[in-house]
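A.B. asks: Please find one structure pasted underneath; my questions will follow.
The values are calculated or read from the model by the stated rules, or taken from the named source; none is laboratory data. Given the structure is predicted, the values throughout are model-derived calculations rather than measurements. Using ideal geometry, Cβ is built from the backbone for each residue, glycine included, and neighbour counts are taken over all protein chains shown. Quick note on the areas: whole protein, heavy atoms, side chains included, nothing else; ligands and nucleic acids left out. Shrake-Rupley method; radii C 1.70, N 1.55, O 1.52, S 1.80 Å.
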Amino acid sequence: MLPELHSILNLLEGGFGQLKVLVIGDIMLDRYIHGDVERISPEAPVPVLRHARRYERAGGAANVAMNLAGLGCQTFLGGFWGSDSEQAELAAILERAGIDTVGVVSTSLPTISKTRIVGRTQQLLRLDIESRDTPPAAEAQRLHDRATELVPKVHAVILSDYAKGALSSALCEAIIRTARTAGIPVLADPKTPDFSKYNGATTVCPNLGELAAATGIPAHHTNDLLAAGQALVTEHDLKFLTVTMSEKGISVLRPASVYHSPARAREVFDVSGAGDTVIATLAASLAGGLQVETAVELANLAAGIVVSKVGTVPIAAHELVAALTPSSGLTAGEKILDLERIKLRVAEWRASGETIVFTNGCFDLLHVGHITLLEDCRRFGSKLVLGLNADASVCRLKGPTRPIVSERERARVMAALAAVDAVVLFEEDTPLELIRALKPNVLVKGGDYTIETVVGHEDVLASGGRVEIVPTVEGFSTTNIVKKLTANSAQSEEMQK
């Protein structure tokens with residue numbers, strides 16, 4: 001289980017939406033052309049690709065921004081793009097994601113693009129369109145002015161440096177100086193061996209190859225390489241160095257310590273864009289107040305998710321929530337949610353392909369009948385939400401002597417059960433409004449019911465779900481337990497006379 005899990009879930013389920021993050025760097029368009037290869041060209045010894053589909057995605061600094069948007073952050077992007085069809089395609093992608101491009105400067109140079117030709121899952125060729133010229137001085141000054149104006153308005157800054165000309169040493173120095181004055185973290189993703197342009201940043205995030213280039217130590221000499229990385233922290237006035245180590249995980253280097261987060265085991269399909277996901281998640285987490293080690297663990301989890309996909313695909317908050325919320329990984333308190341949180345949690349589970357099951361009840365004095373019902377519920381899906389009658393509701397339904405156990409205690413007991421993924425209290429006599437808000441895939445009721453007599457059945461069926469009736473365990477009920485306790489107490493008092 002990750003440390004600060006409650007804080008992480010709060011950020012993923014709305015907290016990130018309060019944070020503003022600025023990405024400055026080399027903006028690109030990634031284009032993919034997929035097809036099948038069945039023969040060799042008669043014109044030259046090259047494969048012939050039969051075109052099947054084509055799509056475009058944001059790349060470079062724009063992909064970092066897409067990851068931040070996927071986490072829910074208010075995202076601002078700065079850099080250069082041209083006045084061409086690639087710019088139009090990229091702008092449309094960013095607009096759909098809600099990314100503010102106020103920091104982007106139009107330039108006379110072409111928009112950087114990378115076109116990958118893929119036969120089934122094998123990349124055959126990559127075509128790059130870019131200029132070797134640096135942006136004109138006037139355009140560079142406009143980027144400088146826009147970037148330094150935006151920095152004090154955000155909670156974190158990312159320098160996404162692909163060595164394509166957007167991030168000059170002078171611009172990096174100005175951004176870092178402005179951010180440090182305002183107490184804003186700056187994270188840099190380097191593509192050059194000289195880290196001096198990032199002096200004073202919060203952290204620089206190289207991979208093993210980039211760290212090897214910066215230190216002159218071969219990447220396979222891991223211990224020596226990390227020791228040299230520790231020296232860079234002091235040399236470049238960083239708070240720490242974050243080294244992504246592919247299948248080995250991520251290491252956080254400080255002058256006197258090393259913290260290592262092992263990679264999360266997943267099947268790897270494509271590592272492109274994983275570094276962008278790491279730095280975006282790390283920046284958002286630090287801006288959200290998480291400890292460095294917790295932020296790195298979350299970034300590592302996010303990277304493990306994106307490498308299991310083909311192509312440059314950003315992380316989404318619901319994917320992290322789904323990975324972080326198996327029943328066995330949450331404490332009872334973390335499963336008890338109010339209406340707004342449970343609506344978000346269910347939406348995130350559903351987006352990740354989970355089947356949502358809902359049942360409800362008073363659950364006053366837990367007994368074997370309750371346990372059997374919940375175990376039966378779990379068979380119908382992958383996530384079980386329990387609607388729990390609040391005290392006032394129980395009193396109206398069961399009488400003035402009930403509940404015996406308060407709503408707070410009942411909620412914690414039910415949430416502690418492995419079969420239950422979330423508990424939500426409701427004040428009404430029936431859970432109809434809760435069912436309408438959550439739209440579960442499966443509505444389960446225990447006892448002598450028909451589908452037509454189950455509250456909420458019409459709404460669930462109308463939305464494509466189903467209703468399941470499970471038998472109760474004969475002889476077990478809270479009422480029977482109360483009667484037995486009362487009888488035993490009366491008998492005990494009679495014997496004492």
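A.B. asks: Looking at (1) open to solvent by 50 Å² or more (accessible area, probe 1.4 Å); (2) on the phi > 0 side of the Ramachandran plot; (3) not polar (S, T, N, Q), which is the one condition that is false for Val368?
C.D. replies: (2)
A.B. asks: Could I ask something else about it? For the stretch 69-83, indicate whether the set of residues that are within 27 Å of Leu150 (Cβ to Cβ), polar (S, T, N, Q) and part of a helix (DSSP H, G or I) is non-empty. Outline the logic, then answer.
C.D. replies: As a first pass, look at the stretch 69-83 and keep what is within 27 Å of Leu150 (Cβ to Cβ): 69-83.
Now restrict to residues that are polar (S, T, N, Q): 74-75, 83.
Filter once more, keeping what is part of a helix (DSSP H, G or I): none.
There is no residue in the stretch 69-83 that is within 27 Å of Leu150 (Cβ to Cβ), polar (S, T, N, Q) and part of a helix (DSSP H, G or I).
A.B. asks: Here's a follow-up. So which residues in the stretch 389-423 are touching an Asp or Glu at 6+ places or on another chain (Cβ under 7 Å) and open to solvent by less than 70 Å² (accessible area, probe 1.4 Å)? Before you say what the answer is, go through the steps one by one.
C.D. replies: Kept after step one, since they are touching an Asp or Glu at 6+ places or on another chain (Cβ under 7 Å), are these residues of the stretch 389-423: 390-394, 396-397, 402-407, 410, 419.
If the condition is that a residue be touching an Asp or Glu at 6+ places or on another chain (Cβ under 7 Å) and open to solvent by less than 70 Å² (accessible area, probe 1.4 Å), then Ala390, Asp391, Ala392, Ser393, Val394, Arg402, Pro403, Val405, Ser406, Glu407, Arg410, Ala419 are the ones that fit.
A.B. asks: For Thr181, indicate whether it is at pLDDT 95 or above and in contact with a Phe, Trp or Tyr (Cβ under 6 Å, 6 or more places away or on another chain). Steps first, answer last, please.
C.D. replies: Values: at pLDDT 95 or above: yes; in contact with a Phe, Trp or Tyr (Cβ under 6 Å, 6 or more places away or on another chain): no.
Judged against the criteria, Thr181 is not a match.
A.B. asks: List the strands (runs of 3 or more DSSP E) inside the stretch 166-257, counting only whole elements, that have at least 3 residues being free of Cβ contacts under 8 Å to residues at least 60 places away in the same chain and open to solvent by less than 60 Å² (accessible area, probe 1.4 Å). It would help to see each step written out before you state the result.
C.D. replies: Numbers: elements: 186-189, 240-244, 250-254.
Output list reads 240-244, 250-254.
A.B. asks: Continuing with the same structure: For the stretch 312-335, how many residues are over 30 Å from Arg31 (Cα atoms), touching a helix residue (DSSP H, G or I) at 6+ places or on another chain (Cβ under 6 Å) and surrounded by 21 or more Cβ atoms within 10 Å (Cβ to Cβ)? Spell out how you get there, then give the answer.
C.D. replies: Looking only at the stretch 312-335, we keep the residues that are over 30 Å from Arg31 (Cα atoms), and these are 324-335.
From what is left, the residues that are touching a helix residue (DSSP H, G or I) at 6+ places or on another chain (Cβ under 6 Å) are 332, 334-335.
Subset that is surrounded by 21 or more Cβ atoms within 10 Å (Cβ to Cβ): 335.
Residues meeting the conditions: 1.
A.B. asks: For the subset of the stretch 122-158 comprising residues that are part of a loop (DSSP other than H, G, I, E, B) and touching a strand residue (DSSP E or B) at 6+ places or on another chain (Cβ under 9 Å), which member is nearest to Tyr32 (Cα to Cα)? Give the steps one after another, and end with the answer.
C.D. replies: Kept after step one, since they are part of a loop (DSSP other than H, G, I, E, B), are these residues of the stretch 122-158: 130-136, 154-155.
From what is left, the residues that are touching a strand residue (DSSP E or B) at 6+ places or on another chain (Cβ under 9 Å) are 130-131, 135, 154-155.
Details: Glu130: 17, Ser131: 21, Pro135: 27, Val154: 33, His155: 34 Å.
That would be Glu130.
A.B. asks: Collect the residues in the stretch 1-40 that are free of Cβ contacts under 8 Å to residues at least 40 places away in the same chain and either within 27 Å of Glu56 (Cβ to Cβ) or assigned to a loop (DSSP other than H, G, I, E, B) (or both), keeping them in residue-number order.
C.D. replies: Hit for the stretch 1-40 is Glu38, nothing else.
A.B. asks: Any idea how many residues of the stretch 136-153 are open to solvent by less than 10 Å² (accessible area, probe 1.4 Å) and farther than 24 Å from Ser108 by Cα? First the steps, then the outcome.
C.D. replies: Looking only at the stretch 136-153, we keep the residues that are open to solvent by less than 10 Å² (accessible area, probe 1.4 Å), and these are 143, 147, 151.
From the residues that got through so far, the ones that are farther than 24 Å from Ser108 by Cα too are 151.
Total meeting the criteria: 1.
A.B. asks: Another question, then. What number of residues in the stretch 307-356 are in contact with a Ser or Thr (Cβ under 9 Å, 6 or more places away or on another chain), β-branched (Val, Ile, Thr) and at pLDDT 90 or above?
C.D. replies: Matching residues across the stretch 307-356 total 4.
A.B. asks: What residue, among those in the stretch 364-391 that are among the hydrophobic types (A, V, I, L, M, F, W, C) and touching a residue at least 60 places away in the same chain (Cβ under 8 Å), is nearest to His6 (Cα to Cα)?
C.D. replies: Of the residues in the stretch 364-391, the ones among the hydrophobic types (A, V, I, L, M, F, W, C) are 365-366, 368, 371, 373-374, 377, 380, 384-386, 388, 390.
Then drop every residue that is not touching a residue at least 60 places away in the same chain (Cβ under 8 Å), which leaves 365, 368, 373, 377, 380.
Details: Leu365: 28, Val368: 30, Leu373: 28, Cys377: 26, Phe380: 28 Å.
Filtering first and then ranking leaves Cys377.
A.B. asks: So, in the stretch 45-65, of the ones that are among the β-branched types (Val, Ile, Thr) and surrounded by 12 or more Cβ atoms within 10 Å (Cβ to Cβ), which residue ends up farthest from the chain's Cα centre (by Cα)? Let's see the steps before the verdict.
C.D. replies: Of all residues in the stretch 45-65, those among the β-branched types (Val, Ile, Thr) come to 46, 48, 64.
Then keep just the ones that are surrounded by 12 or more Cβ atoms within 10 Å (Cβ to Cβ); that gives 48, 64.
Numbers: Val48: 39, Val64: 14 Å.
So, considering only residues that are among the β-branched types (Val, Ile, Thr) and surrounded by 12 or more Cβ atoms within 10 Å (Cβ to Cβ), the one farthest from the chain's Cα centre (by Cα) is Val48.
A.B. asks: Sticking with this one: When you go through Leu77, Leu109 one by one, which is the residue that is out of contact with any helix residue (DSSP H, G or I) (no Cβ under 8 Å at 6 or more places or on another chain) and crowded, with 20+ Cβ neighbours inside 10 Å? Write out each step before concluding.
C.D. replies: Values: Leu77 fails: out of contact with any helix residue (DSSP H, G or I) (no Cβ under 8 Å at 6 or more places or on another chain).
So the residue among Leu77, Leu109 that is out of contact with any helix residue (DSSP H, G or I) (no Cβ under 8 Å at 6 or more places or on another chain) and crowded, with 20+ Cβ neighbours inside 10 Å is Leu109.
A.B. asks: Whether any residue in the stretch 231-241 is of a type in the set (Val, Ile, Thr) and touching a strand residue (DSSP E or B) at 6+ places or on another chain (Cβ under 6 Å) is what I want to check. Steps first, please.
C.D. replies: The first filter runs over the stretch 231-241 and keeps only residues of a type in the set (Val, Ile, Thr), leaving 233-234.
Now drop any that are not touching a strand residue (DSSP E or B) at 6+ places or on another chain (Cβ under 6 Å), which leaves 233.
Among the residues of the stretch 231-241, at least one is of a type in the set (Val, Ile, Thr) and touching a strand residue (DSSP E or B) at 6+ places or on another chain (Cβ under 6 Å), which makes the answer yes.
A.B. asks: Here is a check on your reading of the model: is Ile404 in contact (Cβ under 8 Å) with a residue 24 or more places away in the chain and farther than 25 Å from Gly17 by Cβ? Break it down into steps so the answer makes sense when it comes.
C.D. replies: Values: in contact (Cβ under 8 Å) with a residue 24 or more places away in the chain: yes; farther than 25 Å from Gly17 by Cβ: yes.
Yes; evaluated as a whole, the condition is true for this residue.
A.B. asks: Specify the residue that is modelled with the lowest pLDDT; the eligible residues are those in the stretch 443-497 that are open to solvent by 100 Å² or more (accessible area, probe 1.4 Å) and closer than 16 Å to Leu366 by Cα.
C.D. replies: Phe476
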